[in-house]
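Taking it in order: structure first as structure tokens, then the write-up.
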Amino acid sequence: MRLKRWLLIVLILCTSGCGLRGLTPSESLANYHPLFLITTKSKGEILTQEGLDYLREGSFDKFLSSMREALTFYAGNGKKTSDLCRYMGKAYLDRNEYDKALSYFNQSLSAAKSSRYKEGFVLTTVGLADCYKKIGDTDKAAEILAAAQHGDRESTKGEHPLIALSMGETLAQQGRLSQALDIFTRTLSNSDSYKDNKLKQSVYSSLGTTLFALGRYRKAITHYQHALDLARKSYNTSDIVDILNNIGFCQVSLKKYSEAAMSFREGLGLLSVMNLQYSEKQMYANYGLGLLNEEQGRNAQALLYYNTAIKFIEDLRGSLSSTEFRSFFLANKIAIYEHAIDILLTAADRTPDEVRLDARFAKASLTPMEVAFFYAESTKARSFLELLYKARTVALADRIPRELAEQERRLLSTLDSIQTSGNGQSEAQREILKKSKRELDELIAKLRKEYPDYASIRYPEPVMAGNIPLRANEVLLAYKVNPRKTFLWIIEKGKKPSVIEIAVNRKELIRKVGDFRSELENPDRLDAYDPEKGQALGRLLMEEALSRIDPDKNIIITPDGVLNMLPFEALTTGRTKNAIQYLGEKYKISYYPSASIMATMRRFKENPKLSRPLFALGDPVYEDSDVRYSQRKFDNIVLASADQTPGFNLRSALIRNGFSLPRLPETRDEVLKIGSLFGYQANDRNIKLDMDASKSELLKSDLGIYRYIHFATHGLLSGDIPYILEPALVLSQPGNRNPEDGFLKMSEILELKLNADAVVLSACKTALGKEIAGEGIVGLSRAFMLAGAKSVIVSLWSVESNSTAVLMKSFYSHLKLGRSKEDALKLAKQELKSQSLASTDLSRGVTIAGRNKKIQTGASHPFFWAPFILIGEWE
């Protein structure tokens with residue numbers, strides 16, 4: 001049963017298993033049958049056929065050389081250009097070089113459109129979708145296919161079978177199995193009319209994958225076997241290996257371990273004999289061999305296979321230049337790390353030799369528990385770590401001796417020039433490449449040893465448990481939520497790390513956290529709040545750890561999975577006759593996305609001189625009917641003219657769909673009172689209110705000179721309203737000139753240059769965002785940290801406006817008195833609990849027309865004070 005969850009993995013194989021479906025029928029026949037002779041009429045056709053033959057034989061460089069030369073003969077021929085670019089895109093996709101694949105597919109699509117080449121358009125669209133599916137971005141793949149499907153139905157009487165097949169694969173990868181099965185079955189029933197064995201092979205393979213996900217393993221093998229027979233007839237090694245791997249996973253599910261091992265090894269042997277390097281196929285074969293060994297209790301052998309699979313993953317991921325691709329690439333491969341972690345921690349009391357650790361870990365004298373921690377860190381915020389490095393690279397130049405910097409520059413330049421040359425590397429070049437890679441690895445090892453601060457930024461990798469720069473008054477609690485178990489590492493300066501196995505699986509933990517949160521975040525269910533649930537969850541997640549640590553220490557939590565949604569401060573430790581006792585009252589708690597992010601930020605700590613204490617923005621204008629807008633428009637001719645040519649914008653979409661953004665007048669008082677603590681008057685240029693609380697005013701400000709940056713406004717998540725595709729803060733809406741839209745979006749925050757000690761987002765759900773396996777929550781908090789903030793204070797749900805204003809004023813009062821951010825937030829929460837507030841129905845999220853909220857006047861319930869958490873540096 002456990003293997004059903006690996007549908008994503010098998011589907012990736014299946015997508016690759018579509019092989020060279022980017023070829024036209026005549027070309028595919030020539031490609032699959034090496035003895036088949038065709039008459040050529042031009043040099044371009046000869047080169048094309050020659051290139052496809054090279055590709056079939058595994059000579060990638062010669063393939064590229066032939067294709068690029070063929071392109072010179074077809075300048076101005078849109079159809080041939082589309083075909084050639086598509087072949088190169090598919091070849092790069094098979095090698096997992098996604099950036100280059102995407103580039104060639106886009107060139108192919110452009111040529112197909114300009115020449116009205118329908119078949120080329122369809123084949124290239126499928127190639128583009130395959131590219132996004134392989135990295136796990138199925139939403140983008142579905143978007144591309146749906147657009148093509150719509151155009152296809154308008155121009156013909158039905159959908160193209162290849163588009164239908166690719167859409168079916170996408171739906172299956174998203175878990176919409178019944179819909180996928182209907183598409184595949186319908187496509188197979190019509191396959192005889194297609195006269196294309198390659199298409200039949202793809203349909204059989206896709207049916208096998210969907211049936212696998214439904215637990216119908218024997219039926220899946222039957223369909224895979226049909227696909228394998230067709231692949232063998234076409235001599236397509238890539239497809240054969242994919243299908244063998246898929247059959248192997250089915251056989252593991254049926255506990256036919258000997259047959260499964262034969263399938264995986266046949267594929268690996270075929271690649272070896274053909275001298276082909278398909279890292280992703282090799283990775284999945286090793287993963288399958290690890291699974292079948294683990295299920296038979298041969299954990300040491302299984303771990304060797306998992307280690308090999310992880311090496312392939314890291315090599316593949318390291319070859320990607322696109323951060324977007326890197327983020328999604330790891331998402332559907334996390335399971336391999338999790339299996340390795342389970343085995344390592346099961347064997348935590350054994351010696352490294354008994355566990356058979358990878359050579360590099362054994363050389364570093366790491367214990368199984370420390371290796372498990374490294375693998376756990378390998379599944380957290382990886383792209384965040386790499387973007388953090390990029391954002392700080394400019395300031396690294398003077399951190400190592402000149403001779404080492406010159407050696408590094410020379411090696412990187414050599415590697416880049418050879419790797420990007422693409423076409424036909426000579427044997428001498430290959431030797432130079434191999435030698436340069438070895439020398440760079442040796443240099444990086446030297447830098448990690450002698451200049452660790454530089455190396456951790458320049459060549460980021462997950463941190464080892466013993467290398468985390470913790471202070472004496474801190475303790476790190478690092479969680480990893482695996483499918484079968486949850487683990488918690490306790491790490492303190494000067495002490496040997498320890499790990500706790502928590503008896504709760506991922507599915508059950510998601511349910512427990514969801515039940516607890518539902519009574520905290522919903523203002524219509526406050527009366528249903530049961531503190532016993534918080535106490536039970538606290539005992540499960542924290543009790544043993546708290547018994548081992550000093551209660552006066554600052555607790556830094558790196559959550560995982562659903563724990564990113566949990567305010568640990570709101571867990572309960574018990575109750576007296578008159579009050580509930582919360583974890584956050586006794587302990588000081590802050591958060592980091594991962595220990596590696598914390599280590600990187602601390603090693604690269606900068607303390608620029610900041611000339612201003614506070615930038616604050618609040619009480620924006622959301623409606624045209626607001627008197628503040630009318631007055632400004634009357635006073636400002638330019639602003640008045642902006643409304644004369646209204647265009648489509650996000651605000652008009654919001655209004656049309658029944659959404660409104662009520663004014664938040666208490667944010668004005670909030671911002672003014674916070675400003676007064678720092679000596680600001682109402683008209684101070686460091687405070688933006690009313691129409692000045694706009695995106696244009698914000699972007700004109702030099703935000704890099706402020707110690708604290710405060711936003712008091714509405715916050716939105718992707719999907720809260722139509723056309724908002726990423727988290728955003730809502731600024732003043734009326735009077736914006738195109739392309740201004742009044743929303744400060746996550747992608748725009750990344751472009752800011754900040755040095756702030758803290759950015760405070762006094763808005764709704766600002767701690768949330770899109771969860772990506774291997775990355776965690778990608779949202780506003782991460783964006784502001786990447787922009788340069790040392791910490792952010794954000795909310796886990798929609799907050800009540802009056803209580804938020806009270807909490808924020810109290811927080812800054814304590815900061816002004818010299819308290820740390822952690823202490824100031826803790827004290828502000830405690831003070832809020834005793835407050836009596838004026839009744840309000842205002843939320844800093846979106847109010848939907850016709851929906852009323854229950855009015856609350858007290859603030860002791862966690863709904864009011866618990867959503868705000870501190871991520872980043874607590875001091």
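The table that follows gives values for the structure above.
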read-out: Net charge of neighbours whose Cβ lies under 9 Å from the Cβ of Ala758, counting Lys and Arg as +1 and Asp and Glu as -1; value: +1
read-out: Whether the stretch 180-294 is rounded, prolate or oblate, judged on the alpha carbon gyration tensor where a/c under 1.5 counts as rounded; value: oblate
read-out: Net +/- balance of residues flanking Glu569 in space, Cβ distance below 9 Å, scoring K and R +1, D and E -1; value: +1
read-out: Leading residue at positive end of dipole, the stretch 535-596 (Cβ point charges), from Leu546, Leu563, Leu583; value: Leu583
read-out: Gyration tensor verdict on the stretch 656-711 (Cα atoms; rounded if a/c is under 1.5, prolate if a/b is larger than b/c, oblate otherwise); value: oblate
read-out: Distance between modelled label sites at Glu450 and Asp182, nm, 7 Å Cα→Cβ extension; value: 6.6
read-out: Proximal lysines relative to Lys826, as straight alpha-carbon distance under 21 Å, when same-chain residues fewer than 8 apart are discounted; value: Lys553, Lys586, Lys588, Lys673, Lys765, Lys790, Lys809, Lys816
read-out: Set Lys256/Lys380; Lys113/Lys133; Lys485/Lys577; Lys363/Lys434 screened for pairs whose C-alpha atoms are more than 28 Å apart; value: Lys256/Lys380; Lys485/Lys577
read-out: Within the stretch 44-144: Cβ-based charge dipole about Cα centre, in debye rounded to nearest 20 (Lys, Arg +1; Asp, Glu -1); value: 300
read-out: Sequence ranges 77-86, 178-187, ranked by mean other-Cβ count within 10 angstrom, highest first; value: 77-86, 178-187
read-out: Prolate/oblate/rounded call for the stretch 546-627, Cα gyration tensor, a/c under 1.5 rounded; value: oblate
read-out: Leu254-Ser110 FRET efficiency (beta carbon distance; Förster radius 45 Å; 0.05 resolution); value: 0.45
read-out: Length added when fully stretched, Gln301-Asn77, from 0.36 nm per residue minus Cα-Cα; value: 75.1 nm
read-out: Stretchable slack from Asp702 to Lys233, in nm (0.36 nm times residue separation minus alpha-carbon distance); value: 162.3 nm
read-out: Dipole axis of the stretch 454-532 (+1 Lys, Arg; -1 Asp, Glu on Cβ), positive-most option in Leu470, Phe516, Val481; value: Leu470
read-out: Segments 665-672, 708-715, 550-557, 743-750 sorted - mean Cβ within 10 Å per residue, highest first; value: 708-715, 665-672, 743-750, 550-557
read-out: Efficiency of FRET from Cβ geometry, Ser676 and Gln631, R₀ 25 Å, rounded to 0.05; value: 0.55
read-out: Sequence-separation-based contact order of the stretch 210-273, relative, with Cα cut under 8 Å and 6+ spacing, percent; value: 30
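Every read-out reported here was derived from the displayed coordinates using simple, explicitly stated rules and does not represent laboratory data. Nothing here was measured: the structure is a model prediction, and the numbers come from that model. Glycine gets a Cβ as well: all are built from the backbone with ideal geometry, and neighbour counts include every protein chain shown.
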